[in-house]
1. Taking all protein chains in place and a 1.4 Å probe, what share, in percent, of the accessible surface of segment 524-594 do carbon and sulfur account for?
2. Cβ neighbours within 10 Å, averaged per peptide: list 635-644, 608-617, 467-476 in order, most packed at the top.
3. Which FRET efficiency value, to the nearest 0.05, do you get for residue 127 and residue 566 by plugging their Cβ-Cβ distance into 1/(1 + (r/R0)^6) with R0 = 60 Å?
4. With a/c under 1.5 counting as rounded, go ahead and sort the chain into rounded, prolate or oblate using the C-alpha gyration tensor (a ≥ b ≥ c being the square roots of the eigenvalues; past the cut-off, prolate if a/b is larger than b/c, else oblate).
5. Over segment 66-202, with every protein chain in place, what whole percent of the accessible area is carbon and sulfur at 1.4 Å, could you tell me?
6. Find the centroid of the Cα atoms in segment 124-200 and in segment 489-552, then give the distance between the two in whole Å.
7. Does a label point 7 Å from the Cα of residue 252, set along Cα-to-beta-carbon, have any residues of segment 477-519 with amide nitrogen under 17 Å, and which are they?
8. When the accessible area of segment 262-319 is split by element with a 1.4 Å probe, what percent falls to carbon and sulfur?
Amino acid sequence: IIVFVVVVGHRWTRQVESMAYFPSNAVILGEAIASEEKDMVLPSHDFSGQALIPSQHKYLEMYRRSIEDPAGFWSDIALSELYWKKKWGDEVYSENLHVNQGNIKIQWFKGGITNMCYNCLDRNIHAGLGNKIALYWESNEPGFDSHLTYSHLLHRVCQLANYLKSIGVRKGDAVVVYLPMLLELPISMLACARIGVLHSVVFAGFSSDSLAQRIVDCKPKVVITCNVVKRGPKTIHLKDIVDAALIESAKDGVSIDVCLTYDNQSTLKRESTKWQEGRDIWWQDVVPTYPTTCEVEWVDAEDPLFLLYTSGSTGRPKGVVHTTGGYMVYTATTFKYGFDYKESDVYWYWCTADCGWITGHSYVTYGPMLNGATVVVYEGAPNYPDSGRCWDIVDKYKVTIFYTAPTLYVTSYSRKSLRVLGSAGEPINPSAWRCPISDTWWQTETGGIMITPLPGAWPQKPGSATFPFFGVQPVIVDENGNEIDGECSGYLCVKGSWPGAFRTLYGDHERYETTYFRPFPGYYFTGDGCSRDKDGYYWLTGRVDDVINVSGHRIGTAEVESALVSHPQCAEAAVVGVEHEVKGQGIYAFVTIVEGVSYSEQLRKSLVLAVRNQIGAFAAPDKIHWAPALPKTRSGKIMRRILRKIAARQFDELGDTSTLAESGVVDQLIALAGS
Ligand code: 6R9
């Protein structure tokens, strides 16, 4: 068995050690051929021998063509691997990435007519995969599972698509999906895609306020949710959260026609779910009554497929818009080569990401389905009922490709779990396992993987995302926007467009241009810092803006700050990221409080609660640091650089503090920092 682990989210250098508990680690260390460079790991011959891209030579040949002739490279793939009702016009792509040369524009396959759902399902069924399992579903509770073949999945998707059409949802409308990892989540995405409707999936860990904000922004006709979900030992009443969000959004003048609610098998009686007659409809009462075939709405390659909100450096989340054709070609191709997926193999694939994030869109639903893969969808928490759960799932479904956030290793693979595995009597001979680990760098905005070691092709350096994917031209620029060559570090930008690039921010093209294309004219700016070593390997060094990444969840510090200052007793807040053993980054909040109130444990708790309520539990600060005052420049700007150092307890690295308006503030903060 080849287990292939792919990680996303942030650097995993620190976690490599904890992966010693992962059985396949035997290969990372064992089979790895010692190289001159101590930290280089060569792909094993066995893996390379059967890989799609078996050598550096092959990679370079394809990469070169993808850069010298993007139109030829991508149109060959688009035509040979996917179905188009009508081919695009003369231009495969057209782009302007330079703010000084008019509006930013990226188009791929414009004029081409296709459909994402057709390509994921009908096309594969026509190719004989109808009886292949498309989705396995594993419940939060061990022992409960289900599955759907490609044909059955198509039936379910068509029923929902027909229902949505019957209530007047039309091409170009939006549907908000607020569901946990049930099969109904990918079904909802595919049903929307089938009828040309944009889905906007909102991670079911977001609070009612966050959900309301997204509903107000994209004004959906329908919200799809479920009554309850169990995550670990906790029962979460999702429908109540939706109800609260709909009250909020109505205040802003946005109300919806239908709240389609899936009755998630539970001990809960239907009657105990709060219900608004006329608006709320049980999924099970209507959807199964619709026909299992539904005509495809053929769309232009540049028609939007979905929007997905993500955090930026200001408070308001951004609705990232991906269109149909380019995103389809890009996710299909990155899945195939990035995960070395071959049709002939009985590969079962598990991506632990939630469909509420981009990783779930591209590598739970679309990428794998486009390739006719079998995907495991897991409802629950990685450490429930114990830390061995992930391994149990890998084992149960014989998962061969495992895509996860690096932090998961720490939480789920303890020594104990391995012993449990051993005592379960699984005859796993460590030397028989081959496990290339792929570190994949990409973003919600990029649609798919951008920098990654193609397994089999490259010697890897743990902690480096290695080399660009086909068609991607990463560049490192200095603060003046000049490209730097060779060994260097600076800001990571991308030159030229690639098919999976996002096209705009929903309803705000100007913000799209300002945020991503104005900082370094001529390039797409990623917001990440990066260095390149003497061998050309890329090393991501973290965000250079005010965005932090907590357990793979992207959070804007400004969002957390605005939640904190909404608390009546909080005067000011400044949030920074701090290294966190388990989560990668933790949230560290400095707060000043209003006069006449004294800081207390109770106040700390209610500040944390304010963030949980306004954003979601995953954004709760790990540390609240009470501050009599915040360090500011004379012009009143908070000096975050200093706060980051204080949060990291690097008191002797504060740097230049001469521009501080009040010099005593820093000493006060250090005195209050504790250990
Ligand atoms: C796919 C996804 C994007 C941000 C990105 C960067 C960080 C992602 C990484 C990584 C280091 C990697 N990031 N992959 N940092 N190494 N392999 O996570 O999208 O939620 O939009 O986050 O995540 O900082 O800018 P998204």
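The values are calculated or read from the model by the stated rules, or taken from the named source; none is laboratory data. Note that this is a predicted model, so its numbers are computed, not measured. So basically every Cβ, Gly included, is an ideal-geometry build from the backbone, and we count neighbours across all protein chains shown. Heads up: the accessible areas ignore ligands, DNA and RNA and are worked out on the full protein's heavy atoms, side chains in. Shrake-Rupley method; radii C 1.70, N 1.55, O 1.52, S 1.80 Å.
1. Details: 1110 of 2240 Å².
Carbon and sulfur: 50 percent of the exposed surface of segment 524-594.
2. Top of the packing list down: 467-476, 608-617, 635-644.
3. 0.65
4. Numbers: a/c = 1.30, a/b = 1.11, b/c = 1.17.
Note, shape of the chain comes out rounded.
5. 48
6. 32
7. 505-509, 511
8. Working: 1490 of 3040 Å².
Taking all protein chains in place, segment 262-319 shows 49 percent carbon and sulfur surface.
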